[in-house]
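Take a look at the structure below.
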Amino acid sequence: MVRIVWFNVAWFAAATLVLLGLPFSASAQQERPRSLSELHAERGLLGGLESGNNAGGLPGMPAGGASLANFTELMRLIETTIAPDQWANAGGTATMSPFRSGVRIEPNGLIARFEDIEQVDAPKLRLPKTDRSRLGQPTIRLDELGAWQQRTALRWVSLHQLDAQLQQRLEDGLSANIAMELLGGLCRIDYVAFDAESGEWMLGGPAGSVAATPAGDLLHSELKLPPILLEDLLAVAPHVLRGQGEFGCTIDPVQERLVAAYKMAREPVSIRNLRSDPDRWAEEWKAKIGRQRATIIGLPKDSPTGYALLIADAHMKRVALGLEPSVDGLKNYWLESDLVSQQNKGSMVRWWFSISDTRIPCDTKRNIYHFESSNVCVLSEAQMLNQQGQRVVADRADWAADAFARNFTTHFEGLQQTYPIYGRLRHIVDLAVALEIVRAQIAAGVGKPLRMLENPELQTHMCVAPTEIDSVVATRRSSDGTVSAMVSGGVSIASQTTRARLREHAKHFETISLESSPGEREQASDPAVERPFWR
């Protein structure tokens with residue numbers, strides 16, 4: 001089975017920073033230029049790097065348009081520290097350019113895979129344990145990136161300090177530095193807190209100890225979660241802080257194609273073909289359905305954050321239908337169907353990511369909030385075609401689809417450690433929930449407004465906006481014919497539901513301190529970094 005990496009296109013920092021710890025001494029001298037070029041990620045696909053156009057930007061905006069989060073600092077660091085004489089601008093042959101790795105957005109907006117994955121026949125499906133230790137372990141240390149790489153169980157990142165430093169860099173015509181790009185190495189949001197003494201809103205959680213895997217992913221060496229990206233903060237913050245409602249994405253079939261596919265399935269000749277050659281029939285049915293529309297909602301259509309949501313959603317559906325390896329304990333849709341003895345021929349299922357309804361404890365003053373678990377859940381809905389050819393909620397529930405949704409949510413922690421795209425999805429949802437808390441409290445007079453984070457002009461943009469994706473359709477042969485399933489869905493992040501989840505807890509936060517993490521006070525005097533925006 002060929003494993004497809006769905007997340008590399010929008011994950012520049014991962015493949016780029018692997019260079020910083022790559023043991024080049026073990027590579028042949030002639031291989032260095034190729035390695036440097038190939039390991040450089042696809043960040044060049046995102047707008048704002050190569051264009052010097054600042055039309056519509058803000059005064060003092062860095063070249064490349066209205067984007068502080070464009071990873072140019074990372075590129076400079078690579079060129080000046082890793083074999084500097086090998087780069088083209090120094091007379092060498094190595095270049096920083098996009099390369100194809102699993103998924104890309106074609107010029108027409110199609111999200112395309114480079115390799116096909118063979119579906120494992122599901123009734124007898126027993127996926128072998130996949131050894132991902134070679135590519136999935138964060139083993140390449142990146143300590144030289146800065147003092148923020150110091151590992152700590154709790155680091156406080158000040159949104160107000162970050163906001164002020166972004167403003168200063170903007171005025172100086174600079175993009176964000178590395179520490180800003182990776183939000184001070186913060187790898188999970190455990191707390192949202194207000195420091196009454198300084199008047200700052202902060203995000204707290206484990207940080208530092210970011211390492212690269214041989215596959216090019218940046219992960220916390222123990223938690224195996226990616227660092228939170230400034231790019232995602234700059235996308236989510238203006239939407240939430242301005243109270244603009246739900247955001248996310250949808251992946252849905254084109255109605256005309258869907259009607260044609262199900263019409264074909266009911267034709268007598270089609271039924272005869274199904275009995276004589278189920279595999280060929282399945283391929284024809286998939287071809288009838290064709291591609292699905294990929295739509296980003298609430299964010300710019302060319303938002304890399306929105307694109308990451310699309311890829312996470314598509315990947316989840318492929319796991320559901322046995323098109324991607326699962327994790328121990330999570331059965332796919334077909335296996336769940338066997339357990340409930342339910343065979344839905346031509347099933348239409350809608351799975352989508354949403355915000356969970358788990359409680360968020362807070363102190364009695366509502367200054368500290370604790371994210372005890374992930375804010376992500378998966379929901380399910382069985383659908384059918386009505387007489388007008390429209391998709392509506394089915395009269396009969398799909399128990400297998402519901403079971404997969406519940407179990408995916410239950411196993412989400414393990415899935416994050418296997419597929420980093422789910423870690424990024426978690427961060428995006430957690431940012432939305434955290435910023436909704438901050439928005440409501442600032443509106444109530446607790447803390448000052450965030451000027452830069454509320455500015456939608458600072459978002460990063462891709463060169464091409466995604467518009468279509470191959471339909472997630474799978475089939476399996478059963479004792480009485482072939483069962484087919486087609487899925488749709490998306491990501492729905494409605495942070496306004498946060499208020500109903502808050503629960504005051506008198507003693508829950510007695511041991512939480514807003515002081516600096518142990519050993520981090522010395523960073524303020526480190527001449528190699530600017531005044532840190534974290535504690």
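The values are calculated or read from the model by the stated rules, or taken from the named source; none is laboratory data. Fair warning: this is a prediction, and the values are worked out from it, not measured in the lab. Cβ coordinates were reconstructed from backbone atoms using ideal geometry, including for glycine residues, and neighbour counts include every protein chain displayed. Heavy atoms of the whole protein, side chains included, go into the accessibility calculation; ligands, DNA and RNA do not. Shrake-Rupley method; radii C 1.70, N 1.55, O 1.52, S 1.80 Å.
Starting from the Cα of LYS263, step 7 Å along the direction of its Cβ; do the same at ALA500; then give the gap between the two resulting points in nm.
Label at LYS263, label at ALA500, 4.1 nm between them.
What's the center-to-center distance, using Cα atoms, between segment 394-420 and segment 422-439 in Å?
Using only Cα atoms, the two centres lie 20 Å from each other.
Extending each Cα 7 Å along its Cβ direction at ASP328 and GLU106, get the distance between those two points in nm, one decimal.
Here the modelled spin labels are 4.1 nm apart.
Tally up the carbon and sulfur contribution to the accessible surface of segment 184-259 as a whole percent, 1.4 Å probe, everything protein left in place. Please report the intermediate quantities before stating the final value.
On the way: 750 of 1850 Å².
Here it works out to 40 percent.
Strictly over 31 Å apart at the Cα level, which of LYS224/LYS331; LYS317/LYS507; LYS263/LYS317; LYS224/LYS286; LYS317/LYS365; LYS286/LYS331 would you flag in this model? Intermediate values should be presented prior to the final figure.
Numbers: LYS224/LYS331 22 Å; LYS317/LYS507 41 Å; LYS263/LYS317 24 Å; LYS224/LYS286 36 Å; LYS317/LYS365 42 Å; LYS286/LYS331 24 Å.
Where the Cα-Cα span goes over 31 Å, the pairs concerned are LYS317/LYS507; LYS224/LYS286; LYS317/LYS365.
What's the extension gain from ALA196 to ALA397 if we count 0.36 nm per residue and subtract their Cα-Cα distance? Intermediate results must be reported in sequence, preceding the final value.
On the way: separation 201, 0.36 × 201 = 72.36 nm, distance 5.01 nm.
Length difference between fully extended and current span is 67.4 nm.
Could you give the length gained on full extension between GLN137 and CYS463, defined as 0.36 nm per residue of separation minus the Cα-Cα distance, in nm? Numbers along the way, then the final one.
On the way: separation 326, 0.36 × 326 = 117.36 nm, distance 3.15 nm.
The span from GLN137 to CYS463 would gain 114.2 nm if fully extended.
Using a 7 Å offset from the Cα along the Cα-to-Cβ direction at both THR410 and GLN167, what is the distance between the two label points in nm, to one decimal?
Distance between the two pseudo-spin positions: 4.9 nm.
Which whole-number percentage describes the relative contact order of segment 171-293, with Cα contacts under 8 Å and a sequence gap of 6 or more?
Over segment 171-293, the number comes to 18 percent.
Enter the accessible area per residue of segment 350-408 (Å², integer; probe 1.4 Å; all protein chains in place). Each step should come with its number before you reach the end.
Values: 2850 Å² over 59 residues.
With all protein chains present, segment 350-408 gives 48 Å² per residue.
Expected output is a single nm value to one decimal: the length gained when fully extending between SER373 and ARG451, i.e. 0.36 nm times separation in residues minus the C-alpha distance. What is it?
Details: separation 78, 0.36 × 78 = 28.08 nm, distance 2.96 nm.
Full extension from SER373 to ARG451 adds 25.1 nm.
From the backbone phi of segment 487-498, what are the Karplus-calculated ³J(HN,Hα) couplings (6.51 cos²θ - 1.76 cosθ + 1.60, θ = phi - 60°) in whole Hz, Gly and Pro given as x?
With coefficients 6.51, -1.76 and 1.60, one gets 10, 9, x, x, 9, 10, 10, 10, 5, 5, 6, 4 Hz.
Give the peptides 149-159, 282-292, 175-185 in descending order of average Cβ contacts within 10 Å, highest first. It would help to have the intermediate numbers written out before the result.
Values: 149-159: 20.5, 282-292: 17.7, 175-185: 24.7.
In decreasing order of mean packing, 149-159, 282-292, 175-185 become 175-185, 149-159, 282-292.
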